[in-house]
Amino acid sequence: MVHSTDSKGNFGQMMDCPMLISTIISSAARHHPQCQIVSKSGEGDIHRYSTQDLQLRAKKLAQSLQKLNLQQGSRVATLAWNGYRHLEIYYGVSGSGLVCHTINPRLFSDQIAYIIQHAQDEVVFFDMSFLSLIETLAPLCPSVKYWVCLIHPSHQPQSSLTLLNYEEFIAAENGQYEWPLLDERSASSLCYTSGTTGNPKGALYSHRSTVMHSYATALPDSLCLSAMDIIMPVVPMFHVNAWGLPYSALVVGAQLVFPGSKLDGQSLYELIESEKVTLSAGVPTVWAGVLQHMKTHDLRFTNFKRVLIGGSACPPAMMQTFAQYGVEVIHAWGMTELSPIGTVARLRATDVYKTAVEQEKILQKQGRVIFGVDMKIVDDQHQELPHDGVAFGDLYVRGPWVIDQYYKALDHALVGGWFPTGDVANIDAEGNMQITDRSKDVIKSGGEWISSIDIENIASGHPEVMMAACIAIAHPKWDERPLLVIEKKPNHQLSDQELKAQLLKYFEGKIAKWWTPDDVVFVEKIPLTATGKMQKLKLREQFKDYQLPTI
Ligand code: ADP
C-alpha cells in the first residue's frame, strides 16, 4: 500500500489501494470463505468447492506460471467452457500480472489461429472437448509454447502433440504466493469481438476497468447482486468475461454455478432447479430453449427469480413468458468494447404511477446507463440529437470501462472522445435508451428507416414462432424493403401459408403500415453467430436475389 502525496499537499489522505482483480479473490476467500462454486462437467458430474479452495488453486497456478518465465503482460489464453478451472485461470493469470485471453471456440479455426497469433498467446489452456481443434491449431500458432489440457490426468487421452496437464502443472506448488501489487491500469484480460465483418478486434481490459465494472454492475438498478444470490452464468466465460459475473459474484459474496458445455434447455433447467439458482444470464436464444423445454414438460421454477438477458434484443413475448413463471427479466445492453454492460432497463420511483403497459414498455427498452457510463445519440455530422424518445441516431458511449483503442491498433477507436458503438438508438426524456438496430442491419425504405428489431419483437410474440429475423431486400422503387424470415417452433400446427397470413395480420395496429414486411419466408434454422445471435449477414447473403412480391 502506498501513501500518496503531492508537492502542494492537495491529495486526500485515503489509502491508495489499487483496484486489482486479485483483491476480488483475496477478499472473497477471506470474507466469504465458505461461499460455494459449483461446476457441472461435460460428463454430468458436479464439482463443488469454496472460494478458499479457489484462491489456493489460483495461487498454485500463478506459481507454476512464474516458472515459465513469462514477462508481465504476456498473454495466456483459454479455450474452455464455464467451470472452476476456467475461473482459477481468470484469477491466477490476471492476478499474477499476465493477461487472460479468453477465446471463443465457436469461431472458425482459421479465425482462432489469427486471434492467437495476433495476441501472441504463449500458453493455451483448453478443455478436452477442444482437443481436435487444438491439433488443427497447433501448427498454425508458433507463438504458443505450452498447450495445457484442463482435465484430470487419468482422463487425458493420447495426442500427437506434446501436452501439459493442468492438474499436474499446479500439483507441485504449495500456494504460498503473494499477489503482486500491480498498477491498477495494467492489462488484465483480452477478448476479441466476433468479427462478423473483417478480422476480429481485441478489447484489452485493465484491472481498474474490471473492478469498476464489477462494482457498477452489482448495484440495485443494475443486476442487484447480493450474497443471497446463487448465480449461474450461462453466457460463456469466453464471451466478454461472462458479462463480468465471475468477478461481480465474488465481489458481493454470491455463490456461482457453472453449467459446463451442456447448454440445452433441459440441462439448464435441471441445473437451475437442482442448485437452487436465483439468477442467471444469457442471450435470448439460450432462454428460448429453456422455455420451450418447460412448456413441453409443463414445468415450473422453484427458486429462480431473475434472468439477465442481453447480447441481442429480448423479445417482449419472452419477458411475458418468464413473468408467468415468476421470473423477472432484466434487459441489458452492452458490447465487448464495454466490458460489456452499459445500460440496464429498470423502473424509477416516478414510473410506479404509470400503467402496467407503460412500465412494460420501459422494461422492454435497453435501459438507463449505469453510473460510470455516459451516452449520447448523434446524427451523420456527429451532432448530438435530443433525448425525446423520437430522434434516433448513432449511439456513442464513454466511460472507464469503455475501450479507447483496439488491441495493437494504431489509431484510436474514438470520435471526439466517444466510442461509436455501431448501434442506432433513441433516448427518451427519462434517459431510457432503445436500440432500433445495429447500423449494418438497418432497413432503409424510401429514405426512412424501419426498425428490424421492432418487427422481430412483434413476430416473436406469435405462439408458433421460435425465432424471427427481419432483413433488408433490395427494391427498385423503395431501395430496400423488409423480408421476415421465420424459424417455426418444433411442434407447430400451422402450415407456412396459414402462419404467413396470421403474421401479416399480427402487425396490424402495432407498427406503421408501411413497416409491414413485404413477404414472409420459412427456414429450417436461423443461422446463429459464435455468440448465439441471429446471423443476419448470412441471411442477407442467402436471400440477396429474393424477388419480393409486387404489392
Ligand atoms: P459480438 O456479438 O459481435 O461478439 P458483442 O457481444 O460485443 O459482439 O455484441 C454487441 C452488440 O450486440 C451491440 O452493439 C448490439 O448491437 C447488440 N446488443 C447487445 N445487447 C443488446 C440488447 N439488449 N438489445 C439489442 N441489441 C443488443
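Filtered by the rule that a residue be closer than 18 Å to residue 59 by Cβ, open to solvent by less than 70 Å² (accessible area, probe 1.4 Å) and acidic (Asp, Glu), the range 173-204 gives a lone residue, 173.
Considering each residue of the range 232-285, count those that are hydroxyl-bearing (Ser, Thr, Tyr), in contact with a helix residue (DSSP H, G or I) (Cβ under 8 Å, 6 or more places away or on another chain) and not in a helix (DSSP H, G or I), and give that number. Residues meeting the conditions: 2. On the basis of being open to solvent by less than 50 Å² (accessible area, probe 1.4 Å), closer than 25 Å to residue 229 by Cβ and among the hydroxyl-bearing types (Ser, Thr, Tyr), does residue 302 make the cut? No, not satisfied.
Restricting the search to the range 318-331, which residues are aliphatic (A, V, I, L, M) and more than 15 Å from the ligand (Cβ to nearest atom)? Those that are aliphatic (A, V, I, L, M) and more than 15 Å from the ligand (Cβ to nearest atom): 323, 327.
Among the residues of the range 341-348, not a single one is in contact with a strand residue (DSSP E or B) (Cβ under 9 Å, 6 or more places away or on another chain), open to solvent by less than 30 Å² (accessible area, probe 1.4 Å) and more than 24 Å from residue 214 (Cβ to Cβ).
Exactly one residue among 374, 380 is open to solvent by 30 Å² or more (accessible area, probe 1.4 Å), acidic (Asp, Glu) and at pLDDT below 95, and that residue is 380.
Here residue 314 meets each of (1) part of a loop (DSSP other than H, G, I, E, B); (2) touching a strand residue (DSSP E or B) at 6+ places or on another chain (Cβ under 6 Å); (3) open to solvent by 10 Å² or more (accessible area, probe 1.4 Å) with one exception, condition (3).
Residue by residue, here is whether (1) at negative phi; (2) out of contact with any Leu (no Cβ under 6 Å at 6 or more places or on another chain); (3) within 16 Å of the ligand (Cβ to nearest atom) holds:
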residue	(1), (2), (3)
382	no, yes, no
387	yes, yes, no
395	yes, yes, yes
402	yes, no, yes
408	no, yes, no
412	yes, yes, no
418	yes, yes, yes
422	no, yes, yes
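None of 214, 194, 209 is more than 28 Å from residue 536 (Cβ to Cβ) and within 16 Å of the ligand (Cβ to nearest atom) except 209.
Per-residue answers, yes or no, for (1) free of Cβ contacts under 8 Å to residues at least 24 places away in the same chain; (2) in a loop (DSSP other than H, G, I, E, B); (3) of a type in the set (A, V, I, L, M, F, W, C); (4) on the phi < 0 side of the Ramachandran plot:
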| position | (1), (2), (3), (4) |
| --- | --- |
| 456 | no, no, no, yes |
| 461 | no, yes, no, yes |
| 472 | no, no, yes, yes |
| 483 | no, no, yes, yes |
| 492 | no, yes, no, yes |
| 500 | yes, no, no, yes |
| 504 | yes, no, yes, yes |
| 509 | yes, yes, no, no |
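Among the residues making up the range 477-505, those that are among the charged types (D, E, K, R), surrounded by 15 or more Cβ atoms within 10 Å (Cβ to Cβ) and farther than 22 Å from residue 288 by Cα are 480, 481. Set side by side, the residues 407, 396 differ, and just one is at pLDDT 95 or above and assigned to a loop (DSSP other than H, G, I, E, B), which is 407. For the range 332-365, how many residues meet the condition of being within 14 Å of the ligand (Cβ to nearest atom), of a type in the set (A, V, I, L, M, F, W, C) and assigned to a loop (DSSP other than H, G, I, E, B)? Number satisfying all stated conditions: 2. Taking every residue in the range 385-409 that is under 24 Å from residue 216 (Cα atoms) and open to solvent by 80 Å² or more (accessible area, probe 1.4 Å) and pairing it with any residue that is basic (Lys, Arg) and in a strand (DSSP E or B), at least 6 positions away or on another chain, the pairs with Cβ-Cβ distances below 9 Å are 398/376. Residues in the range 66-106 that are under 26 Å from residue 132 (Cβ atoms), in contact with a strand residue (DSSP E or B) (Cβ under 9 Å, 6 or more places away or on another chain) and part of a helix (DSSP H, G or I): 84, 85, 86, 87, 89, 90, 93.
The values are calculated or read from the model by the stated rules, or taken from the named source; none is laboratory data. As the structure is a prediction and not an experimental result, all values here were calculated from the model. Here the Cβ is made from the backbone with ideal geometry for all residues, glycine too, and neighbour counts use every protein chain on show. Calculation scope for accessible area: heavy atoms of the full protein, side chains included, ligands and nucleic acids excluded. Shrake-Rupley method; radii C 1.70, N 1.55, O 1.52, S 1.80 Å.
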